[in-house]
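Q: Have a look at this one before I ask anything.
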Amino acid sequence: MVRHTKMYWKEVLRYLGGTSQYGLWYKWKKGVKVQGFTDANWAESPPDRKSTSGGIFSIGLAIVSWYNKKHRSVALSLVEAEYMVASQVACEAI
């Protein structure tokens with residue numbers, strides 16, 4: 001079943017409006033670190049030879065962000081694919 005895009009966004013906005021009082025609260029403790037981990041899979045997709053990357057960020061033991069993305073361009077080596085994902089993760093961290 002295909003949903004109309006405008007109706008979907010209305011539902012999302014209604015949900016966000018009704019849950020604005022909710023949130024995630026983190027107490028700052030000595031030694032708590034923001035950490036990011038990432039990995040790339042070179043030339044994972046056989047038809048177009050594009051790599052796939054994924055990453056995760058955590059504050060202490062709580063995961064606060066994650067992603068999985070197919071690269072827009074073709075990497076010529078595993079090192080280049082890792083460099084591309086390092087660039088993406090730096091943007092995410094900022």
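Q: In the stretch 16-46, what count of residues is obtained for those that are under 19 Å from MET84 (Cβ atoms) and either of a type in the set (A, V, I, L, M) or open to solvent by 100 Å² or more (accessible area, probe 1.4 Å) (or both)?
A: 4
Q: With respect to the numbered conditions (1) at pLDDT below 85; (2) open to solvent by less than 50 Å² (accessible area, probe 1.4 Å), which one is the sole condition not fulfilled by SER58?
A: (1)
Q: Here is a list of conditions, (1) open to solvent by 100 Å² or more (accessible area, probe 1.4 Å); (2) within 13 Å of the chain's Cα centre (by Cα); (3) in contact (Cβ under 8 Å) with a residue 24 or more places away in the chain, and ARG49 meets all of them except one; can you say which number that is?
A: (2)
Residue-by-condition table, conditions (1) out of contact with any strand residue (DSSP E or B) (no Cβ under 7 Å at 6 or more places or on another chain); (2) surrounded by 12 or more Cβ atoms within 10 Å (Cβ to Cβ); (3) in a helix (DSSP H, G or I); (4) not β-branched (Val, Ile, Thr):
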{"site": "SER53", "(1), (2), (3), (4)": "no, yes, no, yes"}
{"site": "ILE63", "(1), (2), (3), (4)": "no, no, no, no"}
{"site": "TYR67", "(1), (2), (3), (4)": "no, yes, no, yes"}
{"site": "ALA75", "(1), (2), (3), (4)": "yes, yes, no, yes"}
{"site": "VAL79", "(1), (2), (3), (4)": "yes, no, yes, no"}
{"site": "VAL89", "(1), (2), (3), (4)": "no, yes, yes, no"}
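The values are calculated or read from the model by the stated rules, or taken from the named source; none is laboratory data. Being a predicted model, the structure only gives us computed values, none of them experimental. Every residue, glycine as well, gets a Cβ built from its backbone with ideal geometry; the counts of neighbours run over all protein chains shown. These accessible areas exclude ligands, DNA and RNA; they are computed on the full protein's heavy atoms, side chains included. Shrake-Rupley method; radii C 1.70, N 1.55, O 1.52, S 1.80 Å.
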